[in-house]
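The values are calculated or read from the model by the stated rules, or taken from the named source; none is laboratory data. Source: prediction; values computed, not measured. Heads up, the Cβs are rebuilt from the backbone with ideal geometry, glycines too, and the neighbour counts pull from every protein chain shown. Areas reflect the complete protein model, heavy atoms only, side chains present, ligands, DNA and RNA absent. Shrake-Rupley method; radii C 1.70, N 1.55, O 1.52, S 1.80 Å.
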Amino acid sequence: MQITLLQGILLSVFGAIAGVDSYTEALYIFRPIISCAITGVILGDPMTGLLAGGIAELTFAGLTNAGGTQPPNPAVCGIMTVVIAHTTSVSPATAVGLSLPFAMLMQYIILMYYSLFSGFMPGLDKAAENADTKKFNRFIGFSVVVMALTFFVVIFLSAYAAQAPMASLVKAMPTWLIHGFELAGGVLPAVGFAMLLKVLLRVNYVPYLLLGFVVASFINYSNVLPAAVIGAVFAMIDFFNNKQNQKLQAQIDEVRENGGSEDGI
Amino acid sequence: MESKANQKYTKVSKSDITKLGLRASLFQLGFNYERMQAPGWTWTQIPIWKKIFGDDKEAMSEAMVDNMNFINTSPPLVSILLGLLTSMEEKRVDRKTISGLKNALFAPLAGIGDAIYWFTIMPIVGGICASFASKGNPLGPIIFFLVYLAIFLCRIPFAHLGYDMGTKAIDVIQENSTIISKSASIMGLTVIGALISSYVTLSLKVKIGSVSLQKDFLDKVFPNILPLGFTFFLYWLLKKKEVSPIVLIAIVFVLCIACSWLGIM
């Protein structure tokens, strides 16, 4: 199905808003589950939006900007996943794989801006010395406009202008290649989870990881809620134990100090 | 003399703190590699400084110059720090003390924020909402949006909390940052274990004679062992070989397309 000019513009406007949101991390409408759903509504295909959102969100579960790293852009991934699934009628899992190059393109543009914006710092330092608050307003406003425009243009070109070549490209792909992308859509969440493990996993936490894995593998339930509850139970036990230990430690220190001074007498 | 000096500065009102909390949602604007969040951080506080310093250009310039130093902290928690520092600016605490506190607190706060928001709430809420969405249930994106709207709005009570607690907040943050991060890691890892089992899809099509390797062997011996093994393989590449996430994504694509071509998966 084709994307009309009006739909293209609406998508680009949403892309600009979600893009700025991915910069500020304020409302989280940039996350794939939301950006897919809204794209689905704009394209008159809400079901594809929902299904794609479910898959794309998991792909990005660990691809976060925690610790100042910049992942492939989730807003662009969300929008393009639904656009590709809608225009070429490939499955949402395949579409996630095909949307990643667009999300990475946006990632590199943003990284470039982060370097570029550094060039404004000496000017802002001077403005700070002169208590020139207007210059700060102008710079912040400028950064919003630059981000919004970039997302608008990137989404307009990728979703609207490139839809015909995109469709013929997908049509020209052999089945094994399309299936390969579909498989990748199912495996990609592992990259994100591995990134989370890299930050979180310590040897003494391995039992909790295995516990969650076993719970989900053997308890038949539609989502990860049982594991989350069990995780919360263990987190609480650990929290109270630590608090208790902290108190005991404080008491021991106190006794030691007092004991020490008494011995001194 | 002192009473006169004090008269120059108006006390901030409750609504000023509320506005500070709301403005804090935009504090990542102007993010760049050299100072990270410094320009947005400074910009966020301009209105409240105007209120506190009045026409005192010198105090304003001192505050602005000082806050243009590097800062990188947690967006959902930043308003606690903003509220705390505002209470100190208002009491005209020595500039060195204020900037020392800021520098001592922003990193632990970032640690707590990442542990709670990216590594615990995101996998749980994202995982549960994605499972709704992938069944075509619009509750997925709706619940996700509402949860993150609540997190967005928490910036307001957090700003008040920081302001009201004042210096007491310092002990709370420093005392609890490791314990909270630990508990959040436990919960996060349990959920990640469950997510690996539920949402990484890897299954072999290989048959040995009439025996399907996946259905008749692996699923009987240990279900989801392949997703777990593969995630750990990626983790090993990330942690020990320091392969970048982008390379991992490429590996996933190449592997999946190759397996599809060979008919293994």
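Among residues that are assigned to a helix (DSSP H, G or I) and either without any contact (Cβ under 8 Å) to a residue 12 or more places away in the chain or more than 12 Å from A:Ile155 (Cα to Cα) (or both), A:Gly19 is not included.
Applying the selection to the stretch A:23-55, what residues are in a helix (DSSP H, G or I), at pLDDT below 95 and within 26 Å of A:Tyr114 (Cα to Cα)? Within the stretch A:23-55, A:Tyr23, A:Thr24 qualify. Only helices (runs of 4 or more DSSP H) whose full extent lies in the stretch A:149-265 are considered here, and the ones with at least 3 residues that are farther than 29 Å from B:Pro227 by Cα are A:163-172, A:225-264. Screening the stretch B:72-92 for residues that are at pLDDT 90 or above and part of a loop (DSSP other than H, G, I, E, B) and picking the one that is surrounded by the fewest Cβ atoms within 10 Å (Cβ to Cβ) gives B:Asn72. Here B:Lys241 clears all of (1) of a type outside the set (S, T, N, Q); (2) under 32 Å from the mean Cα position of the chain (by Cα); (3) facing another protein chain (nearest Cβ under 9 Å) except the condition numbered (3).
Exactly one residue among A:Gly53, A:Gly44 is over 11 Å from the mean Cα position of the chain (by Cα), without any contact (Cβ under 8 Å) to a residue 40 or more places away in the chain and surrounded by 24 or more Cβ atoms within 10 Å (Cβ to Cβ), and that residue is A:Gly53. Counting only residues that are within 20 Å of A:Thr175 (Cβ to Cβ), in a helix (DSSP H, G or I) and not hydrophobic (A, V, I, L, M, F, W, C), the stretch A:91-112 holds 4 of them. Within the stretch A:209-231, if we keep just the residues that are small (Gly, Ala, Ser) and within 14 Å of B:Ile196 (Cα to Cα), the residue that is farthest from the chain's Cα centre (by Cα) turns out to be A:Ser217. Scanning the stretch B:117-145 for residues that are open to solvent by less than 50 Å² (accessible area, probe 1.4 Å), more than 7 Å from every other protein chain (Cβ to nearest Cβ) and in contact with a helix residue (DSSP H, G or I) (Cβ under 6 Å, 6 or more places away or on another chain) returns B:Thr120, B:Val125.
Can you tell me which residue is farthest from the other protein chains (Cβ to nearest Cβ) among those in the stretch A:110-152 that are of a type in the set (S, T, N, Q) and open to solvent by less than 80 Å² (accessible area, probe 1.4 Å)? Applying the filter and picking the extreme gives A:Thr150. For B:Asn67, the conditions (1) under 26 Å from B:Asn176 (Cα atoms); (2) more than 9 Å from chain A (Cβ to nearest Cβ); (3) in contact with a Lys or Arg (Cβ under 9 Å, 6 or more places away or on another chain) are fulfilled apart from (2).
Criterion applied to A:Ile178, A:Ile155 was being modelled with pLDDT of 90 or more and surrounded by fewer than 23 Cβ atoms within 10 Å (Cβ to Cβ), and the one residue passing it is A:Ile178. Screening B:Val221 with (1) among the β-branched types (Val, Ile, Thr); (2) in contact with a helix residue (DSSP H, G or I) (Cβ under 9 Å, 6 or more places away or on another chain); (3) more than 9 Å from every other protein chain (Cβ to nearest Cβ) gives one miss only, at (2).
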